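Contents: one structure, followed by commentary.
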Amino acid sequence: AWFKMARVRNLAIAVALMPRVGLARPRFAWFHPEKTGTSFGNSLVHIANPQLPENVSIMSSCGPRGQRRPCRSKTDRFGQDRYPYERWFPGVFWEKHGYFGRHGAVDDQVFAEWAGSFVGLFRDPARRAVSAYYHKYTEFCMSKRAARGANVTCMSLTPYARFIEGQVATFLACKRGPDQATGPRTQRTNLFWCGQPHADVLNVARQRLASFSFVGLTDEFDVSVCLLHVMHRAPCRPVELANVRPTDYRQQARARGEAFQSADELAQALREEYVDPLDTPLYNMAVRRFEADIRKHNVTQSACAQLRCATAATLL
């Protein structure tokens, strides 16, 4: 039985290495700031190699931290099988020291190597701040308070949004990478992500965004996935339309003893107090590009349905 399984596995690898007749192998440099949609990686791996089994998912539990690979979901009976880049995706991904989905800043060297191949989702800054605050910061601060006592003060949402001001723009307009960063990891300062940003962060970020081969929106996730597939003439897999890392705002409110508010309500309340002066204009540029590409590639419900990407959210 083990010999037969080995033969099947070797055959799958051989098929994966076969050239894609009539189609150039894509190159993907995934620009992936925190809280913009880890699930998007599922679309990238399946477009990069159509021979992957349909239920392959880049679940974060697959492989030790720092050594993660696209791998089979928990429902797959083969469990944690790996799909090494050198076999399944040679030369396809900006691998970011071992994991293509890592939150890597785009510095000058990376941009020079991958210009024209960047892809990514952009998110409304207020909604991204809300998600990061409730999914990342509050959990961290509450655990810190539990360990050190009640003298630990946690920021409320608006001060936290100011704290991460311009994070996406800085992430994209990095001059020198994070190895010499001064920001401690626990504080998640912008300097943690980028050791030295360009002086004119917003203009550099806009110039680099203009070179992206694909721009999607986190808050239009299903439509973004469909657009990507229309552009690459590839069908969707069911796993691509699942949220692999959802934020449960109701549970977060219950844990803090607060009344539940939806993400939309929280984001609107934040906008009334603070608007990010860097990430907001960059996001608006991404929205204009996204809408133009929807028209350019004629992304309709019918087009999505033909590629098995149609959902209720793709009703344009």
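Every condition in (1) of a type outside the set (Gly, Ala, Ser); (2) modelled with pLDDT of 95 or more; (3) within 29 Å of residue 196 (Cα to Cα) holds for residue 47 except the one numbered (3). Taking helices (runs of 4 or more DSSP H) as the structural unit, those lying wholly within segment 82-193 and holding at least 1 residues that are over 23 Å from residue 219 (Cβ atoms) and modelled with pLDDT under 90 correspond to 85-88, 138-148, 190-193. The condition (being β-branched (Val, Ile, Thr), closer than 21 Å to residue 137 by Cβ and modelled with pLDDT of 85 or more) is satisfied by just one residue among 300, 280, 247, 311: 280. Scanning segment 97-119 for residues that are on the phi > 0 side of the Ramachandran plot and either open to solvent by less than 10 Å² (accessible area, probe 1.4 Å) or within 13 Å of the chain's Cα centre (by Cα) (or both) yields nothing.
The single condition among (1) open to solvent by 10 Å² or more (accessible area, probe 1.4 Å); (2) in contact with a Ser or Thr (Cβ under 6 Å, 6 or more places away or on another chain); (3) modelled with pLDDT of 90 or more that residue 34 does not satisfy is (2). Could you check, for segment 6-17, whether at least one of its residues is modelled with pLDDT of 80 or more and either on the phi > 0 side of the Ramachandran plot or not in a helix (DSSP H, G or I) (or both)? No, the conditions are met nowhere in segment 6-17.
The values are calculated or read from the model by the stated rules, or taken from the named source; none is laboratory data. Treat the numbers as computed from the prediction; the structure is a model and nothing was measured. With ideal geometry, Cβ positions are generated from the backbone for all residues, glycine too; neighbour counts draw on all protein chains shown. Heavy atoms of the whole protein, side chains included, go into the accessibility calculation; ligands, DNA and RNA do not. Shrake-Rupley method; radii C 1.70, N 1.55, O 1.52, S 1.80 Å.
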